[in-house]
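Structure first, then comments.
The values are calculated or read from the model by the stated rules, or taken from the named source; none is laboratory data. Since the model is a prediction, treat every value here as computed from it, not as a measurement. Ideal geometry is used to build each Cβ from the backbone, glycine not excepted, and the neighbour counts take in all protein chains shown. For accessibility, only protein heavy atoms count, side chains too; no ligands or nucleic acids. Shrake-Rupley method; radii C 1.70, N 1.55, O 1.52, S 1.80 Å.
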Amino acid sequence: MLVSFPGQNNMLVLRSFMILFFSCITIKINLCFPSIPSSLKTLSIDGHFDFEQVEHAAKDFGNRYSYLPLAVLYPKSVSDVATTVNHVWQIGGGSELKVAARGHGHSLQGQAQAHRGVVINMESLQGLKMQVHTGNFPYVDVSGGELWINILRQSLKHGLAPKSWTDYLHLTVGGTLSNAGISGQAFRHGPQISNVYQLEVVTGKGEVVNCSEKQNSDLFYSVLGGLGQFGIITRARISLEPAPEMVKWIRMVYTDFATFTRDQEKLISGQSTFDYVEGFVIINRTGLLNNWRSSFNPQDPLQASQFKSDGRTLFCLELAKYFNHEDMVLVNQEIKTSLSQLNHIPSTLFISEVPYMEFLDRVHISEIKLRSRGLWEVPHPWLNLFIPKSKIHSFAQEVFGNILTDTSSGPILIYPVNKSKWDNRTSVVIPEEDVFYLVAFLSSAVPSSTGNDGLEQILIRNKSILDYCEIAGLGVKQYLPHFSTQGEWKSHFGPHWEAFIRRKSTYDPSAILAPGQRIFQKPIAYS
């Protein structure tokens, strides 16, 4: 219905689609659209369509693509979403009308946009008040357009919180669950999609379906990590756990990559005392430890002041231990014991103690600073990769040793996760090994720059990294993937391709291709 993506070989649907498609082409293409807005105006909905002020829906966080929609829907109810999607499905593929659900607009490749289509503003979805349920198995029921930061605030009132997070909390539930939702807690709890009990989904036909592990399970697992190809998440039931009061936030530096990864892998094993494990790469940066001093206290101030980072490739390990005030003595001893087993540079150990909310919402502080300097709404050519543990050293040697010369355009995250915490029934594609790494190149391009920090040069570097991975046969999988050909998508899904296609044809059956069309143009779900 909305995405150019082939289902099974249903010749009747394909023939009907082609008749509509080519009849539209025989007339001037712009003559095929005028009746669509007027038909949308006749829909009986609780919310409203805006056909005039639509420019904001042609932007996203990636800031590289701009697709102007015909209309923006501001739904007040799930029925509004279902009515609109069903209407577009009934029109048929020949109209080329697409729908994209937009949460907080944090997509990178225009996924939450719909060229000459309909964008559904999911943050306006009403009718479902957030409900926190306490007990032995606590959970929260939330709208798909709700921000994770609001879930945190509300659940904390009950002494509870979700188990798994993204590093940035100002994202919608539907957006992150359509991808995976990962951060430093994933080694212990898995991604966010591993902590969902139930979903309400509007399918590509406009049907409202409740699904869970035991009810409509195929749709449930299709939607989780499904890149929005099966439906729009309008409600989710998220698992909760008791929330801590405070966090011990720790950073330390390594110069040897093998030692760094060995310690990371030790920390995500079953014996780990920490609740959060991440890392990042620093190449050719100066004043590293001095930059930390505003937020962290060095354990050895004199030695830390003498550490020189200039011109070196360093690897920072970042840890967090959650605790309540009454447990501080025991927690301090556990941390001391655990740190003594690591092989970091002793003089680079920095520790801070912050409230739980402050730690989880830490990136928002950086956002405020960047916005004040006009550096937030710039192109973000991010590249996120899942790399098998057995290949991470080859990857690091080439990428951190040859392809990249500095990390001035943005942070590079690197940390391992346990595959056992990921449900293989979902649509997410991950490496086959028991441990794999997320490596995230979170670049921000300087507008109009032609240097290394410019968009063109960052994209060239990204391509060089991907080309190396392909030539070296590393078995890398992209997280937040975006491809332009069927061959690339088929390669991405590998042995899961046929299952993905079967599911696609079941829940979005009108997304059948006419010859020459590009597949997977727009996800149905949002970010």
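The table that follows gives values for the structure above.
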{"read-out": "Qualifying residue in the range 156-166 (condition: outside any loop (DSSP other than H, G, I, E, B), open to solvent by 10 Å² or more (accessible area, probe 1.4 Å) and in contact (Cβ under 8 Å) with a residue 12 or more places away in the chain)", "value": "yes"}
{"read-out": "Some residue of the range 143-151 being aliphatic (A, V, I, L, M) and touching a Gly at 6+ places or on another chain (Cβ under 9 Å)", "value": "yes"}
{"read-out": "Qualifying position, being closer than 28 Å to T255 by Cβ, surrounded by 18 or more Cβ atoms within 10 Å (Cβ to Cβ) and in contact (Cβ under 8 Å) with a residue 24 or more places away in the chain, among P416, P411", "value": "P416"}
{"read-out": "The range 420-478 - residue that is open to solvent by 50 Å² or more (accessible area, probe 1.4 Å) and of a type in the set (A, V, I, L, M) and, of those, nearest to C211 (Cα to Cα)", "value": "L466"}
{"read-out": "Qualifying residue in the range 413-422 (condition: within 18 Å of Q264 (Cα to Cα) and in a loop (DSSP other than H, G, I, E, B))", "value": "no"}
{"read-out": "Of all residues making up the range 227-254, the number that are at pLDDT below 95 and out of contact with any helix residue (DSSP H, G or I) (no Cβ under 8 Å at 6 or more places or on another chain)", "value": "2"}
{"read-out": "Selected residue (only one of E377, E326, E353, E398 is in a helix (DSSP H, G or I), touching a residue at least 60 places away in the same chain (Cβ under 8 Å) and surrounded by fewer than 20 Cβ atoms within 10 Å (Cβ to Cβ))", "value": "E398"}
{"read-out": "Filter result for T405 (among the β-branched types (V, I, T), outside any helix (DSSP H, G or I) and in contact with a Ser or Thr (Cβ under 9 Å, 6 or more places away or on another chain))", "value": "no"}
{"read-out": "Counted residues, the range 135-155 - those being among the polar types (S, T, N, Q), open to solvent by 40 Å² or more (accessible area, probe 1.4 Å) and either in a helix (DSSP H, G or I) or modelled with pLDDT of 95 or more (or both)", "value": "2"}
{"read-out": "Residues that are at pLDDT below 85 and surrounded by fewer than 16 Cβ atoms within 10 Å (Cβ to Cβ), drawn from the range 280-294", "value": "T286, G287, N290, N291, R293, S294"}
{"read-out": "Strands (runs of 3 or more DSSP E) fully within the range 1-113 counting 3 or more residues that are modelled with pLDDT of 50 or more and farther than 30 Å from S444 by Cβ", "value": "48-50, 71-74"}
{"read-out": "Of the criteria (1) part of a loop (DSSP other than H, G, I, E, B); (2) open to solvent by 30 Å² or more (accessible area, probe 1.4 Å); (3) not basic (K, R), which one H393 fails", "value": "(1)"}
{"read-out": "Filter result for the condition that a residue is surrounded by fewer than 19 Cβ atoms within 10 Å (Cβ to Cβ), outside any helix (DSSP H, G or I) and not β-branched (V, I, T), over K308, K266, K248", "value": "K308"}
{"read-out": "Index of the failed condition, S347 passing every other in (1) in contact (Cβ under 8 Å) with a residue 60 or more places away in the chain; (2) in contact with a helix residue (DSSP H, G or I) (Cβ under 8 Å, 6 or more places away or on another chain)", "value": "(1)"}
{"read-out": "Residue within the range 298-314 that is modelled with pLDDT of 90 or more, on the phi < 0 side of the Ramachandran plot and within 28 Å of the chain's Cα centre (by Cα) present", "value": "yes"}
{"read-out": "Search result, residues across the range 468-484 that are farther than 14 Å from Q111 by Cβ, of a type in the set (A, V, I, L, M, F, W, C) and either in a loop (DSSP other than H, G, I, E, B) or touching a strand residue (DSSP E or B) at 6+ places or on another chain (Cβ under 6 Å) (or both)", "value": "L474, V476"}
